[in-house]
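Trainee: Take this structure first; my questions come after.
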Amino acid sequence: MVILEAFLSPVRDCFPAQVAIVALLILILLDWIFGITNALIQHEFSSAKMRQGIGHKCSELGFVVVGIVMDAMIMTGLNIGFEGPILTTIALYLCIMELGS
């Protein structure tokens, strides 16, 4: 259970990371809703295109998991050559990407 605690602490103990992750989830949801609405309005709804979009969103969430793992490694004292809030940085970058889409 101690090992699991190491991976939960980067999110539980960092308020900026919590805000960035929630903001990212909201932006992903809005992008999904707007994309479906736009496709229906233009009569261009395509399940293939939707699968591609879902794949992109899943890869974004995968990057969040990578950030959690990297922050956990840093918080437990493992020197990986980086310092700082990697999870927050990744989540903020993904938020900016979502705003651009």
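The values are calculated or read from the model by the stated rules, or taken from the named source; none is laboratory data. Predicted model, so just to flag it, every value in this text is computed and none were measured. FYI the Cβ positions are ideal-geometry reconstructions off the backbone, even for glycines, and counts take in every protein chain you see. Heavy atoms of the whole protein, side chains included, go into the accessibility calculation; ligands, DNA and RNA do not. Shrake-Rupley method; radii C 1.70, N 1.55, O 1.52, S 1.80 Å.
Trainee: For the range 18-25, check the following and say yes or no: at least one residue is in contact with a Lys or Arg (Cβ under 7 Å, 6 or more places away or on another chain), among the β-branched types (Val, Ile, Thr) and in a helix (DSSP H, G or I).
Mentor: No - not one qualifying residue is present in the range 18-25.
Trainee: Of the residues that make up the range 39-55, is at least one at pLDDT 85 or above, surrounded by 12 or more Cβ atoms within 10 Å (Cβ to Cβ) and within 20 Å of PHE7 (Cβ to Cβ)?
Mentor: No, the range 39-55 contains no residue that is at pLDDT 85 or above, surrounded by 12 or more Cβ atoms within 10 Å (Cβ to Cβ) and within 20 Å of PHE7 (Cβ to Cβ).
Trainee: Same structure again: Within the set of pairs 6+ apart or on separate chains, which have a first residue in the range 49-78 that is in contact (Cβ under 8 Å) with a residue 24 or more places away in the chain and assigned to a helix (DSSP H, G or I), a second that is open to solvent by 60 Å² or more (accessible area, probe 1.4 Å) and of a type in the set (Ser, Thr, Tyr), and C-beta atoms under 9 Å apart?
Mentor: Here the result reads PHE63/TYR93; GLY67/THR89, each pair linking the range 49-78 to a residue that is open to solvent by 60 Å² or more (accessible area, probe 1.4 Å) and of a type in the set (Ser, Thr, Tyr).
Trainee: Okay, next question. Only one of ILE33, ILE28 is free of Cβ contacts under 8 Å to residues at least 24 places away in the same chain and among the β-branched types (Val, Ile, Thr); which?
Mentor: Checking each option against the conditions leaves just ILE33.
Trainee: Yes or no: PHE34 surrounded by 14 or more Cβ atoms within 10 Å (Cβ to Cβ) and in a helix (DSSP H, G or I)?
Mentor: no
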